[in-house]
Amino acid sequence: MKANKFMAVVLAALTVGFVACKKDEPQVDKLALDKTEVSIAVGETVQLTANLEVAWASSNEAVATVEAGLVKGIAEGEANIIATYGNADQTAMCKVTVTKGSTPPAEIPEIDVTDGSLADWDALPAEYVVSAVCPEGAALLGLKSVKVYATEMYINILVEPNMDDIQDLSWVPFHVYLDIDNSDETGGYGDEFTDANTDILCETAVFADEPIAYNPAVFKWWGEVGGSGWEWTDPANPGDESNFWGAIIGEGQLPVGNSQYVDGKFEIQLLRELLGTVHPMSEEAFGIGFDIQQNWSSVGILPIGEDTEENPGGHVAKLKVRICK
Ligand SMILES: [Ca+2]
Ligand SMILES: [Ca+2]
């Protein structure tokens, strides 16, 4: 009897509960968002709320994303944020306009060539880092790899010499060829590259029996446009030796910033504003190439392609570097 009584109580409770549930079942309201149109800047967020439990989606995630109603501006443009209730029973929309805004850009990372570490190279925006690696079939193997990253202030270079190919460390010049104005219509000296557009050449040794700081002499091109000889004289004053030397900033006289030898690589920093003195310096991009020498002959060039019959020496155009700003 006790058991029957218990069952009766349970059934009664369930019935009451069921009835109560049925009675309290919410009526589905019409779905609404608290905002139907918003404008935010790139990087900014705005919270949308709905009166029902909804799923969120963006019509254009390249412009704006949404997560739990939190909308984030990704790039300039327009997108619709769509809230969906249930099995698409109801939807509501908020139009989002993303503006460039006046918020300052995210901090531009700089390379530190005094920290004894190359880890800062891993933290750079990848789209602004260019690199070249020596292919197996190259004619000259003295440089293994190079990376370049430039900001408004500096040209940063990370270069790895191939120590198997550099035998005599007593004097090892390393050259940086710069098409500083990003123009093939100016400059010359294309010997090491397919494009003769070098406006500035920086030269100094990177080894004097042991690794030493890159502390260059800077040669400014005064010669014929597209020329390939060693013409660092002013064409208006041919044979004027005083003028010739005026085109050169001597070794150590250019405060380049700094350089350091870390883990078999040279981390080099050139101060851009000191380089744009022959042709206007491009604020957007520039070309750059490198070679390393032994006994005044190149033993390594970057960038370089494979050494084939069609392309003897494996010469290719300089790297194109976009300035991160
Ligand atoms: Ca560093
Ligand atoms: Ca040029």
Filtered residues of the range 173-191 (kept if over 26 Å from the mean Cα position of the chain (by Cα) and closer than 17 Å to L302 by Cα): P173, Y189, G190, D191
Neighbours by Cβ (under 7 Å, 6+ apart or cross-chain): first from the range 155-168, over 22 Å from E136 (Cα atoms); second among the aromatic types (F, W, Y) and assigned to a strand (DSSP E or B): N156/Y149
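Of the residues in the range 121-150, how many are within 15 Å of ligand 1 (Cβ to nearest atom) and at pLDDT below 95? Don't jump to the end; show me each part of the working.
Here is the first cut: in the range 121-150, the ones within 15 Å of ligand 1 (Cβ to nearest atom) are 121-124, 129, 147-149.
Still in the list and also at pLDDT below 95: 122-124.
Total satisfying the criteria: 3.
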Test: residue in the range 142-149 that is in contact with a strand residue (DSSP E or B) (Cβ under 6 Å, 6 or more places away or on another chain), over 30 Å from E310 (Cβ atoms) and of a type outside the set (K, R): yes
Close pairs (9 angstrom Cβ cut-off, 6 or more residues apart or separate chains): modelled with pLDDT of 90 or more in the range 189-202, assigned to a loop (DSSP other than H, G, I, E, B) and within 16 Å of ligand 1 (Cβ to nearest atom) anywhere: C202/Y214; C202/V256
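The values are calculated or read from the model by the stated rules, or taken from the named source; none is laboratory data. From a predicted model like this one, the values you see are computed outputs, not experimental measurements. Because the Cβ atoms are built from the backbone with ideal geometry, glycine has one as well, and the counts that use them run over all protein chains shown.
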